[in-house]
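The values are calculated or read from the model by the stated rules, or taken from the named source; none is laboratory data. Values in this document were obtained by computation on a predicted structure and should not be read as measured data. So basically every Cβ, Gly included, is an ideal-geometry build from the backbone, and we count neighbours across all protein chains shown. For accessibility, only protein heavy atoms count, side chains too; no ligands or nucleic acids. Shrake-Rupley method; radii C 1.70, N 1.55, O 1.52, S 1.80 Å.
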Amino acid sequence: MEDIIKRKISVLGSTGSIGTQTLECAAHLGLTVSAITGNRNVRLLEEQARRFRPGIVAVPGDAEAAELKTALADTPVRVLSGEGGLEEAAVAGDTVVTAIMGTAGLLPTMAAIKEKKRIALANKETLVCAGHIVMAAAREHGAEVIPVDSEHSAIFQSMAGGRKNEVKRILLTASGGPFFGMKREDMVDITPEQALKHPNWTMGAKITIDSATMMNKGLEVIEAMHLFSVTPEMIKVVVHRQSIIHSMVQFCDNTVIAQLGTPDMRTPIQYALTYPRRLPSLAAEPDFADIGGMTFFDPDLDAFPCLRLALETAGRTDAAPAVMNAANEVAVELFLRKKLSFPGIYDAVAQAVAALGAGSADTIEDTLARDAEAREFIRRRYD
Ligand code: NAD
Ligand code: MG
């Protein structure tokens, strides 16, 4: 208990869905918050800075930084901007919760790994675009990477039921999203408002759309592959509508170990902060009689081609995963701005992967160059 309370955390993306829930956990556990970062939400950052008194508040833009400096002039908080500010924030504590959306999380995560910080990893895009490089760096520097994504936290916990070489399969559960059961031809007129209504989770806009297209599950297959050093063939996606089983591990004797709980991100967030210990949490107890039943289905890859594309891309060691990830980020943004239809997200991302996927992504610099090309490719065609 003592050692957990002494933990000092940096929260990258503290104004988002995971970020705000991380601060709730920090308050509940009595942890010190060393740094927080946001993007444009200056008012909320000011409020968080006043409540948690971090040493550093960082934002990418100079204008937002200037505004924050004025707002926090009566406090000792240092306001930083740019990539350097984000990296300084990432290494300010002993643990960093990477709750930024998208590729923007890559460089600060690498900075924290080099300083041997514990990475509580929410930002799955980091592993999708550069998983080989990030995990190799974590091994080299001895930095722990503890998953925050609920499925990966469940897999991480279930892995304790056997030895690594006894693992036969990872069963990655998916809620199926709001359009479960629909056919692709019926999805043409889906609006952003409809796609933003997830049945079980309240999350940031980008991941909510990714859940509706099931690209999120594809990104999670790649994330799991890197986190647990398994091949994509060892990961099976199982649609489980109730989101009570958060994922499972099947061992060589066909025993399946699962982690269950109410769908509440504060459970995996807290576990990443307290691991290897457990403490009482803010999440509600599961009531199984109330849940009543649990159902399971195979995913429909024709209706959700983004998942198929991600599964095909997962094993590639060229730039395909990075291109897919970046193209998807922009395609989702364009869908939200009504410049692409819902099925158009897949079409755009598949075109980018076909055109640019064979490039090289052996270093962080290469990866970021491919990422930028993919964004440009989508914008030129559709924006
Ligand atoms: P969100 O949109 O609610 O929050 C994103 C945060 O990142 C905000 O603080 C925002 O200010 C910041 N940000 C966005 N773009 C930025 C940029 N270019 N530079 C610096 N900061 C930037 O997103 P979220 O739902 O909290 O998701 C965050 C990450 O966690 C994503 O990678 C997502 O896939 C992952 N994740 C989220 C959930 C969830 O339940 N929300 C679950 C699992 C994984
Ligand atoms: Mg998840």
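Scan segment 152-166 for residues that are open to solvent by 20 Å² or more (accessible area, probe 1.4 Å) and out of contact with any Pro (no Cβ under 7 Å at 6 or more places or on another chain) and report the count.
Looking only at that region, the number is 9.
When you scan segment 32-46, how many residues do you find that are more than 13 Å from ligand 1 (Cβ to nearest atom) and more than 16 Å from Thr98 (Cβ to Cβ)?
2
Just one of (1) in contact with a Leu (Cβ under 9 Å, 6 or more places away or on another chain); (2) modelled with pLDDT of 95 or more trips up Ser34, so point out which.
(1) is the only condition that Ser34 fails.
Which of the numbered conditions does Val134 fail, given that it passes all the others? Conditions: (1) more than 13 Å from ligand 1 (Cβ to nearest atom); (2) in the same structural domain as Asn254 (by TED's automatic domain parsing).
Answer for Val134: the failing condition is (2).
Considering only segment 180-210, how many residues are under 16 Å from Ser243 (Cα atoms), in contact (Cβ under 8 Å) with a residue 60 or more places away in the chain and more than 13 Å from ligand 1 (Cβ to nearest atom)?
Total meeting the criteria: 1.
I'm told Asp74 meets every condition in (1) more than 20 Å from Gly13 (Cα to Cα); (2) in contact (Cβ under 8 Å) with a residue 24 or more places away in the chain except one. Can you identify the failing condition by its number?
(2)
Pick from segment 1-27 the residues that are within 12 Å of Val97 (Cα to Cα) and in a helix (DSSP H, G or I): which of them is nearest to ligand 2 (Cβ to nearest atom)?
Ile18
Please state which one of Ile146, Ile119, Ile170, Ile190 is away from ligand 2 (no atom under 16 Å from the Cβ), open to solvent by less than 20 Å² (accessible area, probe 1.4 Å), in contact with a strand residue (DSSP E or B) (Cβ under 6 Å, 6 or more places away or on another chain) and outside any helix (DSSP H, G or I).
Testing whether each residue is away from ligand 2 (no atom under 16 Å from the Cβ), open to solvent by less than 20 Å² (accessible area, probe 1.4 Å), in contact with a strand residue (DSSP E or B) (Cβ under 6 Å, 6 or more places away or on another chain) and outside any helix (DSSP H, G or I) leaves just Ile119.
From the list Phe304, Phe296, exactly one residue is surrounded by 12 or more Cβ atoms within 10 Å (Cβ to Cβ), within 19 Å of Ala212 (Cβ to Cβ) and touching a residue at least 24 places away in the same chain (Cβ under 8 Å). Which is it?
After ruling out the rest, the residue left standing is Phe304.
Any residue that is in contact (Cβ under 8 Å) with a residue 24 or more places away in the chain and in contact with a His (Cβ under 6 Å, 6 or more places away or on another chain) - is there at least one of those in segment 211-221?
Checked against the condition, which is being in contact (Cβ under 8 Å) with a residue 24 or more places away in the chain and in contact with a His (Cβ under 6 Å, 6 or more places away or on another chain), segment 211-221 yields at least one hit.
Would you say Val256 is β-branched (Val, Ile, Thr) and more than 21 Å from the chain's Cα centre (by Cα)?
yes
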